[in-house]
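See below for the structure under consideration.
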Amino acid sequence: MTNQVLPGIAALPMSEFVTRRKKFFAKMADNSVAFFNAAKEVTRSNDTEYAFCQNKTFYYLTGFNEPDAMLLLIKKSGCEQSILFSLPKDKMHEIWHGRRIGQEKACQHYQFDQCFTLEEQEELVAQYLAGMSQVYFAFDDEKLSAQIFTYLAQVRAKIRQGVKVPAHLTDASPIVDDLRLIKSHNEIELMRQVNFISGLAHQRAMQKTKAGLFEYQIENEILHEFARHGARYAAYATIVAGGDNANILHYTDNDESLVDNDLLLIDAGGELSGYAADITRTFPVSGKFTEPQKVLYQLVLDAKNQVLAAIKPGVTFAKLNDIANACLTKGLFDLGIITGDLAELIAERACKKYFIHGLGHWLGLDVHDVGDYHINDNKEQCREFAPGMVLTIEPGLYMPLDDMELAKQWRGIGIRIEDNIVVTQQGYENLTVNTPETIADIEALMEK
Ligand code: GLY
Ligand code: MN
Ligand code: MN
């Protein structure tokens, strides 16, 4: 385990965004237009906003980080055009709220063919749509859908002048989601870096933890370490869950104090150039596992490692779930936590009683990244892994304090161990390389 931060935080080269647009163009029919909207700012209270987070698909195709913008991809008679509509330069607004790049510089920097202001949008979009056959947009974006129908109505109003109205509407999401699912070399390098930074934050959390501290104090040690290394934001709300709080899967209150004989579950990942890490570790507040904590922890770790060993192209989440189920169910059976016939217990996936969430998910610009998990509409056929896919593996066991069916020694223990994995030609690469996970490594680090 090395603690050297990788040199030079990578940002994606602009050519990467241009290549992505080219890949989307290649999927478009001729005489069609695709629409992608940027995110809007979100009010926190009265006149203050949350930190801005760009729409990730819009970011994927542009790298552009201002709110309210729109990207149009136009394919006409084989010719491709990328057009951005964005907020205008506005001196007074910029003095109060921050810089805007404006249309001229945006065009050069982001390599669009043309950039216009949002004021010019309405008239120009209707012109671009006239005579086209097909329109692509995200069907699940209600605001964008409403906008498109307004534009189409404007085109339709000119039908008597001989203007042709696009007749085919196509959901853009499955197309762009499939592109996002396979990561490039540059994306994987960014994800390697954000994993490494997040690993340092988990190490810091282990070193700073002691009974009596509040969970949010550890949360802030983590955020501090992310930012120290260039990951200014967390990719999702950090979970710092002492004792029984770990049995609340998305516990983010983080407002209780840590207790000596409890475990502490931390699910935390930074965001770097938009890319997420998603790492969970569970360790004892005191620095030493108790015996019951130790056996359950080792069981979850064994399950994770057995699952990892099976990852390679062609494998599916269904197959990995079988491995996790066999390991966890047998382990719980051996400990007397579940009883019955072992083969039957495995067949009925008896571990589900204590392993209450999925084994993993795609990871990328979103922590629960886009991309279908199945390849047919009835959701029966799992998608096979391919090189460049990035996913989490996160087995867990959750034994709530109020579960009176459990022997007392297990109650109040919640454990999850989560790593981030890239599928490679040969098998896999574990991005989560510097986050202690063995009992010996955790105890050694916490003793220092
Ligand atoms: N941090 C959310 C998850 O592990 O899926
Ligand atoms: Mn996860
Ligand atoms: Mn997680």
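The values are calculated or read from the model by the stated rules, or taken from the named source; none is laboratory data. A quick note: this is a predicted structure, and the numbers were derived from the prediction, not measured. Because the Cβ atoms are built from the backbone with ideal geometry, glycine has one as well, and the counts that use them run over all protein chains shown.
Restricting attention to region 103-112, which residues are free of Cβ contacts under 8 Å to residues at least 24 places away in the same chain, over 8 Å from residue 86 (Cβ atoms) and surrounded by 14 or more Cβ atoms within 10 Å (Cβ to Cβ)?
Correct list: 107 only.
Would you check which residues across region 180-200 are surrounded by fewer than 24 Cβ atoms within 10 Å (Cβ to Cβ) and among the β-branched types (Val, Ile, Thr) and list them?
182, 188
Scanning region 136-189 for residues that are in contact with a helix residue (DSSP H, G or I) (Cβ under 7 Å, 6 or more places away or on another chain) and among the hydroxyl-bearing types (Ser, Thr, Tyr), which turns out nearest to residue 384 (Cα to Cα)?
Filtering region 136-189 for residues that are in contact with a helix residue (DSSP H, G or I) (Cβ under 7 Å, 6 or more places away or on another chain) and among the hydroxyl-bearing types (Ser, Thr, Tyr), the one nearest to residue 384 (Cα to Cα) comes out as 184.
Among the residues of region 382-429, what is the count of those that are under 18 Å from residue 319 (Cβ atoms) and out of contact with any helix residue (DSSP H, G or I) (no Cβ under 9 Å at 6 or more places or on another chain)?
Final tally of qualifying residues: 6.
Specify the residue that is farthest from ligand 2 (Cβ to nearest atom); the eligible residues are those in region 348-366 that are crowded, with 19+ Cβ neighbours inside 10 Å and among the aliphatic types (A, V, I, L, M).
Out of the qualifying residues, it is 350.
Restricting the search to region 240-267, which residues are within 16 Å of ligand 3 (Cβ to nearest atom) and of a type in the set (Gly, Ala, Ser)?
Those that are within 16 Å of ligand 3 (Cβ to nearest atom) and of a type in the set (Gly, Ala, Ser): 241, 246.
Name the strands (runs of 3 or more DSSP E) wholly within region 16-94 that hold at least 2 residues that are in contact (Cβ under 8 Å) with a residue 60 or more places away in the chain and closer than 29 Å to residue 165 by Cα?
Ranges flagged: 32-37.
Hand me the list of helices (runs of 4 or more DSSP H) wholly inside region 121-195 holding 1 or more residues that are of a type in the set (A, V, I, L, M, F, W, C) and under 16 Å from residue 29 (Cα atoms).
Because the criterion is at least 1 residues that are of a type in the set (A, V, I, L, M, F, W, C) and under 16 Å from residue 29 (Cα atoms), the helices (runs of 4 or more DSSP H) in region 121-195 that meet it are 121-129, 173-181.
Do we find that residue 115 is surrounded by fewer than 19 Cβ atoms within 10 Å (Cβ to Cβ) and at pLDDT 95 or above in this structure?
For residue 115, the condition - surrounded by fewer than 19 Cβ atoms within 10 Å (Cβ to Cβ) and at pLDDT 95 or above - is not met.
Is it the case that region 306-317 has a residue that's of a type in the set (Lys, Arg), out of contact with any Pro (no Cβ under 6 Å at 6 or more places or on another chain) and either over 26 Å from residue 269 (Cβ atoms) or in a helix (DSSP H, G or I) (or both)?
The answer is no; no qualifying residue exists.
Which residues, taken from region 131-144, are more than 33 Å from the chain's Cα centre (by Cα) and either closer than 11 Å to residue 70 by Cβ or surrounded by fewer than 17 Cβ atoms within 10 Å (Cβ to Cβ) (or both)?
The answer is 131, 133.
Can residue 211 be described as modelled with pLDDT of 95 or more, more than 28 Å from residue 429 (Cβ to Cβ), in contact with an Asp or Glu (Cβ under 8 Å, 6 or more places away or on another chain) and within 16 Å of ligand 1 (Cβ to nearest atom)?
Spelling it out, it is not the case that residue 211 is modelled with pLDDT of 95 or more, more than 28 Å from residue 429 (Cβ to Cβ), in contact with an Asp or Glu (Cβ under 8 Å, 6 or more places away or on another chain) and within 16 Å of ligand 1 (Cβ to nearest atom).
Need pairs with beta-carbon distance below 7 Å; first residue within 18 Å of residue 442 (Cα to Cα) and at pLDDT 95 or above and within region 185-205, second assigned to a helix (DSSP H, G or I) and not hydrophobic (A, V, I, L, M, F, W, C); sequence gap 6+ or separate chains.
Cβ pairs passing all conditions: 200/225; 201/225; 204/221; 204/225; 205/221.
So residue 307 clears everything in (1) more than 18 Å from residue 431 (Cα to Cα); (2) within 16 Å of ligand 2 (Cβ to nearest atom); (3) in contact with a Leu (Cβ under 9 Å, 6 or more places away or on another chain) except one condition, right? Which one?
Result: residue 307 fails condition (1) only.
Output the number of the condition that residue 290 fails; it satisfies all remaining conditions of (1) buried (at least 20 other Cβ atoms within 10 Å of the Cβ); (2) closer than 30 Å to residue 225 by Cα; (3) not acidic (Asp, Glu).
Tallying (1) buried (at least 20 other Cβ atoms within 10 Å of the Cβ); (2) closer than 30 Å to residue 225 by Cα; (3) not acidic (Asp, Glu), residue 290 fails exactly one: (1).
Can you work out which of the residues in region 212-246 that are of a type in the set (Gly, Ala, Ser) and over 22 Å from residue 398 (Cα atoms) is surrounded by the fewest Cβ atoms within 10 Å (Cβ to Cβ)?
The extreme case among them is 212.
Being more than 16 Å from ligand 2 (Cβ to nearest atom), under 20 Å from the mean Cα position of the chain (by Cα) and within 27 Å of residue 387 (Cβ to Cβ): is that true of residue 274 here?
Considered against the rule, which asks whether it is more than 16 Å from ligand 2 (Cβ to nearest atom), under 20 Å from the mean Cα position of the chain (by Cα) and within 27 Å of residue 387 (Cβ to Cβ), residue 274 comes out as yes.
Quick one: what pairs do we get from region 275-288, first residue within 30 Å of residue 186 (Cα to Cα) and in contact (Cβ under 8 Å) with a residue 24 or more places away in the chain, second within 10 Å of ligand 3 (Cβ to nearest atom) and among the basic types (Lys, Arg), C-beta under 6 Å, 6+ apart or different chains?
Pairs found: 280/416.
Suppose the filter is more than 18 Å from the chain's Cα centre (by Cα), part of a helix (DSSP H, G or I) and of a type in the set (A, V, I, L, M, F, W, C); does residue 241 pass it?
Against the criterion (more than 18 Å from the chain's Cα centre (by Cα), part of a helix (DSSP H, G or I) and of a type in the set (A, V, I, L, M, F, W, C)), residue 241 does not qualify.
Can you find a residue in region 83-99 that is within 30 Å of residue 369 (Cβ to Cβ), crowded, with 18+ Cβ neighbours inside 10 Å and at pLDDT below 95?
No, there is no match, as no residue in region 83-99 is within 30 Å of residue 369 (Cβ to Cβ), crowded, with 18+ Cβ neighbours inside 10 Å and at pLDDT below 95.
Just need a number here: residues in region 347-367 that are more than 11 Å from ligand 1 (Cβ to nearest atom) and either touching a helix residue (DSSP H, G or I) at 6+ places or on another chain (Cβ under 7 Å) or of a type in the set (Asp, Glu) (or both).
8
Does region 266-282 hold any residues that are within 11 Å of ligand 1 (Cβ to nearest atom) and either part of a strand (DSSP E or B) or of a type outside the set (A, V, I, L, M) (or both), and which are they?
266, 267, 268, 269, 276, 278, 279, 280
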